[in-house]
Amino acid sequence: PRLLADPLRDMEPELAFGLLARAEFPFAPDAQDWQDLVGFAFAHRGYETSLGPIKTLTLKALSQGIPAMHLANLLVMKVLQHRSWGSCARRFGLAGRAGVEAELRSLLRELILHYADDGLKHQALKLEKFPPATYRDAGS
């Protein structure tokens, strides 16, 4: 997987997904990793500050063939190959970085809800229902 970010950056994502789907990756996120994942997917935390756990979750999901091919390709291109926001947006017909981030957030929400325990799922869904921006705006 590390080679996808440099020498194999231009590999077709379908091929990378096919190779990753045949491997096993350990997945043992700690409490901070889960908070980073939930923060990105449900509370608009920055992509770059959550990238480590996002990569770990991506590898686990791809190795189990969980996301559909179209969505797996986006994960491969952005998370593993570190392709530019613009190239990902063009490939998937999205509106720049904002569109790609929105698609990644949606995808990661599904993966978090698939892998998380009930307590974390409850916390994540609560954030989705009452995002932090709602609290800041209420005091204005």
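Rounded to the nearest 500, what is the 222 nm mean residue ellipticity of the chain from helices alone, with -39500 (n - 2.57) per DSSP H run of 4+ residues and division by all residues? List each step's numbers first, then the result.
On the way: 8 runs with 87 residues, N = 140.
Mean residue ellipticity, 222 nm, calculated: -18500 deg cm²/dmol.
Between rounded, prolate and oblate, where does the chain land on the alpha carbon gyration tensor, with a ≥ b ≥ c its root eigenvalues, rounded for a/c under 1.5, else prolate if a/b exceeds b/c?
Working: a/c = 2.19, a/b = 1.43, b/c = 1.53.
Cα axes put the chain in the oblate bin.
What is the stretch 48-99 by shape, rounded, prolate or oblate, if you read a ≥ b ≥ c off the alpha carbon gyration tensor as root eigenvalues and call it rounded for a/c under 1.5, prolate for a/b larger than b/c, and oblate otherwise?
oblate
Keeping the other protein chains in place, figure out the carbon and sulfur percent of the accessible area of the chain, with a 1.4 Å probe. Mind dumping the intermediate values first?
Details: 4170 of 7560 Å².
Carbon plus sulfur share of accessible area: 55 percent.
Please list, by residue number, everything in the stretch 34-54 whose backbone N is under 18 Å from a paramagnetic label point 7 Å out along Cα→Cβ of ALA102.
So the set is 40-47.
Springs between alpha-carbon atoms under 10 Å, Gaussian network over the chain: tell me which of ALA89, ALA28, ALA16 tops the mean-square fluctuations.
Result: ALA28 has the largest fluctuation of those listed.
Determine the per residue accessible area of the chain with all protein chains present and a 1.4 angstrom probe, expressed in square angstrom.
On the way: 7560 Å² over 140 residues.
Computed with neighbouring chains in place, this is 54 Å² per residue.
Quick check on the stretch 1-70: take the gyration tensor over C-alpha atoms, sort the square-rooted eigenvalues as a ≥ b ≥ c, and tell me if it's rounded (a/c under 1.5), prolate or oblate. Mind showing how you got there, number by number?
Working: a/c = 1.95, a/b = 1.64, b/c = 1.19.
Prolate.
How high is the FRET efficiency between GLU110 and LEU8 when r is their beta carbon distance and R₀ equals 30 Å, given to the nearest 0.05? Each step should come with its number before you reach the end.
On the way: r = 26 Å, r/R0 = 0.87.
FRET efficiency, GLU110 to LEU8: 0.70.
For the stretch 1-42, evaluate the Debye formula with one uniform point scatterer on each Cα (no solvent term) and list log10 I(q)/I(0) at q = 0.32, 0.34, 0.35 Å⁻¹, rounded to two decimals.
Log-scaled intensity ratios, in q order: -0.96, -1.04, -1.08.
Taking loop as defined by DSSP and a crowding limit of 10 other beta carbons within 10 Å, which trypsin sites (Lys or Arg not before Pro) in the stretch 13-87 fit? Display every interim value, and only then the final one.
Working: sites: ARG22, ARG45, LYS55, LYS60, LYS78, ARG83; in loops: ARG22, ARG45, ARG83.
Hits after loop and neighbour filter: ARG22.
The values are calculated or read from the model by the stated rules, or taken from the named source; none is laboratory data. Since the model is a prediction, treat every value here as computed from it, not as a measurement. A quick note on method: Cβ atoms are made from the backbone with ideal geometry, for glycine too, and the neighbour counts reach across all protein chains shown. For accessibility, only protein heavy atoms count, side chains too; no ligands or nucleic acids. Shrake-Rupley method; radii C 1.70, N 1.55, O 1.52, S 1.80 Å.
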